[in-house]
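I have placed the structure first, in the form of structure tokens, so that the comments after it can refer back to it.
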Amino acid sequence: MATSQQRSNLRLDKAMFRRLLLAWYQKSQRKLPWRGATDPYHILVSEIMLQQTRVAVVEERYRKFIAQFPSAERLARAKEATVLAAWSGLGYYRRARAFHAAAKEIVRRGSFPRATPELMELPGIGRYTAAAVSSIAFGEPVAVVDGNVKRVIDRIVNHNALHTGPVGEKQYWEIAGELLDRENPGDFNQAMMELGAVVCLPAQPLCQACPVANLCGARGPTEKASRPARLKAELHYVLVRRNGSVLLRQRNKQNSLMPGMWELPQIEEASKRSKLPLLKLRHAITTTDYTVFVHAGNNKKRPADRWIALRSVYRLPLTGLTRKIIRGLGDA
């Protein structure tokens, strides 16, 4: 838990911290499509999309998803393939599957859970997401802790004083709870995340723009956390077209990665294909950076393959890479 000195500093400064942070947030917050939302389902959509996905990507996809599935009831009634097609390009498709299951559970219960413990009972909903939704939608006085909030706390209390591992995780939640403005928890939590996202940056914080810089215990640049080197690899696919259709292959539904999603047929030996690919692009998945080559071909159709009209190709749950390839070729 936090040391007595840390608690003393927090007690001394937290009222001013809240006041300065909230004033800055009201004036400087980014204009995002989910900001100001009061529907808990809409808030939940944004929070799940924002997990491991850049804000710029989520902005566009959030609007489309809400238009297609404006309520938990509509999402619950949809087929999984339809939900995955709408999610295509956002990655981490287990999020979409879990969210679909959560919508069904919300409908089964007959009402949207309001408290953090109840929200955590839904498939795929952890402590952070549950606390974010309950505080923003229902004003529950609970703090949130994500990577951005951790970085703010690290600097406010001087990160060298915090433990690592499970003990450190508990400390973050305790300190966030002490800082929380219990009268305005939704805006406060969003302000903490916003500060970490746009001002309190990982290696080069914008201290001159920080509303709470004078309260900070570790101003200025900090050492960037070391990360393992990313892996490099190549992927080769074949593009087969016929009468306005493209040949796609469904991934095995037992695959651990993107089960049941649709993609172009993959080939192992590129030397058997054209010397000049139709398309070359970069693509990143988790810890690997791929160079992707797309070759013209006339592969023999396999049982898992299907001819898909290009005009309706986006109705299928495509892998994000396949969506990127088709757009890059200008075929749909």
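The values are calculated or read from the model by the stated rules, or taken from the named source; none is laboratory data. All values reported here derive from a predicted model rather than from experimental measurement. When we count neighbours, we look across all protein chains shown, and the Cβ atoms used for this are built from the backbone with ideal geometry, even at glycine.
Taking the listed residues Y128, Y92, the one that is modelled with pLDDT of 95 or more, assigned by TED's automatic domain parsing to the domain that holds A37 and either assigned to a loop (DSSP other than H, G, I, E, B) or within 23 Å of R35 (Cα to Cα) (or both) is Y128, with no other qualifying. When the residues of the stretch 198-213 are filtered to those that are at pLDDT below 90 and of a type outside the set (A, V, I, L, M, F, W, C), which remaining residue is farthest from H283 (Cα to Cα)? So the residue we want is Q204.
When Q51 is tested against (1) part of a helix (DSSP H, G or I); (2) within 28 Å of R323 (Cα to Cα), only condition (1) is not met. Right, V294: in contact with a Gly (Cβ under 9 Å, 6 or more places away or on another chain), outside any loop (DSSP other than H, G, I, E, B) and modelled with pLDDT of 85 or more or not? The answer is yes for V294.
If a residue has to be under 21 Å from L231 (Cα atoms) and either modelled with pLDDT of 90 or more or in the same structural domain as R94 (by TED's automatic domain parsing) (or both) to count, how many in the stretch 267-287 make the cut?
4
Condition (residue is surrounded by fewer than 20 Cβ atoms within 10 Å (Cβ to Cβ) and in contact with a Phe, Trp or Tyr (Cβ under 8 Å, 6 or more places away or on another chain)) applied to the stretch 77-85: is it met by at least one residue? Yes.
Against the numbered list (1) within 18 Å of the chain's Cα centre (by Cα); (2) surrounded by fewer than 16 Cβ atoms within 10 Å (Cβ to Cβ); (3) outside any loop (DSSP other than H, G, I, E, B), P123 comes up short only at (3). When A37 is tested against (1) loosely packed, with under 15 Cβ neighbours inside 10 Å; (2) small (G, A, S); (3) not in a helix (DSSP H, G or I), exactly one condition is not met: (1). Counting the residues of the stretch 244-264 that are part of a loop (DSSP other than H, G, I, E, B) and either acidic (D, E) or farther than 15 Å from T322 by Cα (or both) gives 6. On inspection, F138 fails the criterion of being surrounded by 15 or more Cβ atoms within 10 Å (Cβ to Cβ), modelled with pLDDT of 95 or more, among the aromatic types (F, W, Y) and within 24 Å of G260 (Cβ to Cβ).
Quickly run through the stretch 284-308 and pick out the residues that are of a type in the set (F, W, Y) and in contact with an Asp or Glu (Cβ under 8 Å, 6 or more places away or on another chain). If you could, list the steps in order and put the result at the bottom.
Residues of the stretch 284-308 that are of a type in the set (F, W, Y), as a first pass: 290, 293, 307.
Listed by number, the residues that qualify are Y290, F293.
In the stretch 181-196, of all residues being part of a loop (DSSP other than H, G, I, E, B) and touching a residue at least 60 places away in the same chain (Cβ under 8 Å), the one that is surrounded by the most Cβ atoms within 10 Å (Cβ to Cβ) corresponds to D181.
Going by the structure shown, is R219 modelled with pLDDT under 90 and under 29 Å from L32 (Cα atoms)? The answer is yes for R219. Would it be correct to say that R109 is among the basic types (K, R), surrounded by fewer than 18 Cβ atoms within 10 Å (Cβ to Cβ) and over 18 Å from the mean Cα position of the chain (by Cα)? Considered against the rule, which asks whether it is among the basic types (K, R), surrounded by fewer than 18 Cβ atoms within 10 Å (Cβ to Cβ) and over 18 Å from the mean Cα position of the chain (by Cα), R109 comes out as yes.
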